[in-house]
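The values are calculated or read from the model by the stated rules, or taken from the named source; none is laboratory data. From a predicted model like this one, the values you see are computed outputs, not experimental measurements. Cβ: placed from backbone, ideal geometry, glycine included. Neighbour counts: every protein chain shown.
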Amino acid sequence: MNLDSGESYPHETERRTRTRLIHGVGRSRKWDYDHHVVPPISSSATFRLDSARRGAQAFVEFAHLGPDGEQAPIYIYDRLDEPTRGMLEENLAVAERAETAVCFASGMAAVSAALGVLAWSGHHIVAHRTLYGCTYSLMTRWLPRNGVQTSFVDLTEPGGLRAAVTPETRVVYFETPVNPDMQLIDIAAVRREVDAINARRGATERVWIIVDNTFASPFCQRPLTLGADVVVESLTKGIGGFGTDVGGVVAGPRNLRDPLMMYRKDFGGSLSPKAAWSALVYGLPSLGARMANYQKTAHHLARFLETHPKVEYVRYPGLNHFPQFELARRQMVDEDGRFSPGSMIYFALKQKSPTDNPGERLIDWIAQNSYCITLAVSLGQIKTLIECPYSMTHAAMPEEQKAADGLVPGGVRLSVGLEDWKDLIVELTEALEHV
Ligand SMILES: *Cc1c(COP(=O)(O)O)cnc(C)c1O
C-alpha cells in the first residue's frame with residue numbers, strides 16, 4: 001500500500017455510507033494501518049521529528065493545504081494535528097458529504113470555531129430564535145464582547161431572514177430539527193434567500209449558512225447536500241452514541257480547513273485522540289444500525305403518546321399530523337431517500353391549572369421509579385433519556401421567547417434509545433398514571 005498515493009480501495013467510494021462508516025476510509029494518509037482490523041489509537045502529546053529541516057517543513061505545511069489537498073502530514077504536537085483524530089475527520093467528512101471535517105473538544109468548541117472563523121468584530125449573525133441553550137448563551141454573553149452581534153428571528157417564517165440581514169451579516173445560523181421543540185427549518189429555502197442576498201455582494205462580504213445537525217445526525221439528514229455551507233455537530237450525541245466521550249465537529253468546504261485548523265491550534269479546543277477513537281470505532285460504525293432502530297421505537301412511542309389523554313400534543317416529524325410533515329419528508333431522508341425522522345420526541349402534558357408543572361412531576365417520578373428511562377440531558381445514546389427543557393437545557397432562554405416557542409413547564413424531551421419499545425411503553429404508561 002502506498003500511503004502517499006491517497007488512492008482508495010477499488011470500489012470503496014461506490015459503497016453506501018452505512019458500509020463505508022463501518023470499514024472507514026481504507027487508505028488513510030493519516031496512518032498506515034493496513035494490517036489492523038480496528039484502527040489503532042494513538043496517545044502521544046508530541047512527535048519525534050527526524051531533523052531540524054523536517055521540523056521546519058512541518059510548521060510550514062501545518063494548516064496550508066496544497067493544491068492537491070492534504071499531503072501525508074508531518075505530526076508535531078497533538079493540539080495541532082494527530083493521526084487518530086485525523087482518521088475520524090476523514091470518516092466524518094464521508095458521513096456529512098463534506099470536503100473536509102475538523103474535530104473539536106466538544107460540540108460547543110465546534111460551534112465557537114465555526115462562528116469564530118466566519119464572523120469577527122463588526123460582523124453580524126442572524127440566528128433562529130430557538131437554539132441549544134449554550135449556543136444562545138455564546139451569542140448573547142460572549143460574542144458581543146468581541147463585537148459580534150446576533151439578531152434572533154423566526155426562520156420558519158418566509159421573509160424573517162431578509163428583514164434581519166444587514167450589510168454586516170456574515171452568518172445565518174440554525175438547528176433543524178430545532179432543539180427541543182422539533183420545528184424544522186427549510187434548508188433549501190434559506191439557501192435560495194441567501195443566494196439572492198449574496199448575488200449583490202462581493203466574495204468577502206458573502207453570507208454563510210451554518211446548520212447544527214446534532215438532532216438529526218448525518219444518517220437522517222445531510223445539510224450540505226441541501227444548501228448549507230457548513231455543518232456543526234456535537235459528537236457527544238448521536239454520532240458518539242454510547243455516551244462515553246464529549247466531542248464536536250465542523251464539516252464544510254476545503255477552503256475552511258486551514259482557518260479551522262489554525263483556530264483550533266490557537267484557541268486550543270482539540271479533540272483528544274482517546275475520544276476520537278471511541279467515535280471512530282464504536283460511534284460512527286454503529287450509527288446506521290442504531291438510528292434505524294431508534295426511529296422504529298420513536299415511532300411507536302410517538303403514536304402511544306399522541307393518543308394518551310394526559311398528553312396535550314406530540315411533536316415527532318414522523319407523525320402524519322406533524323405540522324411540517326411535507327418538509328420533514330423532503331428534508332429528513334437517509335441516503336436511499338427513505339424517510340428518517342430521527343430519534344427525538346418533544347411532547348407537552350396537559351396542565352391542570354396555570355401554576356401546575358406536570359412535566360416536572362413526570363420526570364421526577366421517572367427519576368425515582370423507572371428502570372429503562374433515565375433523567376439526564378444529552379441525546380442520541382443507546383439508553384433512553386428524558387428531560388425537561390423548560391427548566392434544564394433551555395433555562396438560559398428568556399421567558400417570552402420560551403413561551404413563543406412552546407417551551408412550557410409541561411414540555412418533555414425524550415431521546416429514544418435501543419431498549420425494547422414495549423418496555424418503554426410499559427414504563428411511560430406507569431409514569432403517566434402518576435402525573
Ligand atoms: C449538545 C448540543 C450541542 C453542544 O455539544 P457539546 O458536545 O455538549 O458541547 C450543540 N448543539 C446541540 C443541538 C446540542 O444538542
Review point. Hey, among Thr225, Thr204, Thr236, which residue is in contact with a Ser or Thr (Cβ under 9 Å, 6 or more places away or on another chain) and of a type in the set (Val, Ile, Thr)?
Key: Thr236
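Restricting the search to region 44-101, which residues are charged (D, E, K, R) and assigned to a helix (DSSP H, G or I)?
In the first step, residues of region 44-101 are kept if they are charged (D, E, K, R); the result is 48, 50, 53-54, 61, 68, 70, 78-79, 81-82, 85, 89-90, 96-97, 99.
Result: Arg53, Arg54, Glu61, Arg85, Glu89, Glu90, Glu96.
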Review point. Given Thr140, Thr100, which one is in the same structural domain as Phe267 (by TED's automatic domain parsing), more than 22 Å from Glu205 (Cα to Cα) and within 16 Å of the ligand (Cβ to nearest atom)?
Key: Thr140
Study note, to complete from the structure: Checked region 10-21 for anything under 29 Å from Leu80 (Cβ atoms) and loosely packed, with under 15 Cβ neighbours inside 10 Å; matches are Thr13
Exercise for review: Give just the number: which of (1) touching a Ser or Thr at 6+ places or on another chain (Cβ under 6 Å); (2) within 16 Å of the ligand (Cβ to nearest atom) does Pro317 not satisfy?
Suggested key: (1)
**Study point:** Residues of region 345-397 satisfying the condition of being without any contact (Cβ under 8 Å) to a residue 24 or more places away in the chain, within 16 Å of the ligand (Cβ to nearest atom) and either within 17 Å of Val311 (Cα to Cα) or not assigned by TED's automatic domain parsing to the domain that holds Glu306 (or both)
**Key:** none
Practice item. Among the residues of region 199-228, write down those that are acidic (Asp, Glu) and closer than 19 Å to Val333 by Cα. Key: Asp212
Check your understanding: Only one of these conditions is not met by Ala292: (1) assigned by TED's automatic domain parsing to the domain that holds Leu131; (2) more than 13 Å from the ligand (Cβ to nearest atom). Which number is it?
Key -> (1)
**Study point:** Qualifying strands (runs of 3 or more DSSP E) (wholly inside region 146-253; at least 1 residues being within 13 Å of the ligand (Cβ to nearest atom) and farther than 25 Å from Tyr316 by Cα)
**Key:** 248-252
Check your understanding: How many residues, within region 106-141, are assigned to a helix (DSSP H, G or I) and within 18 Å of Asp266 (Cα to Cα)?
Key -> 12
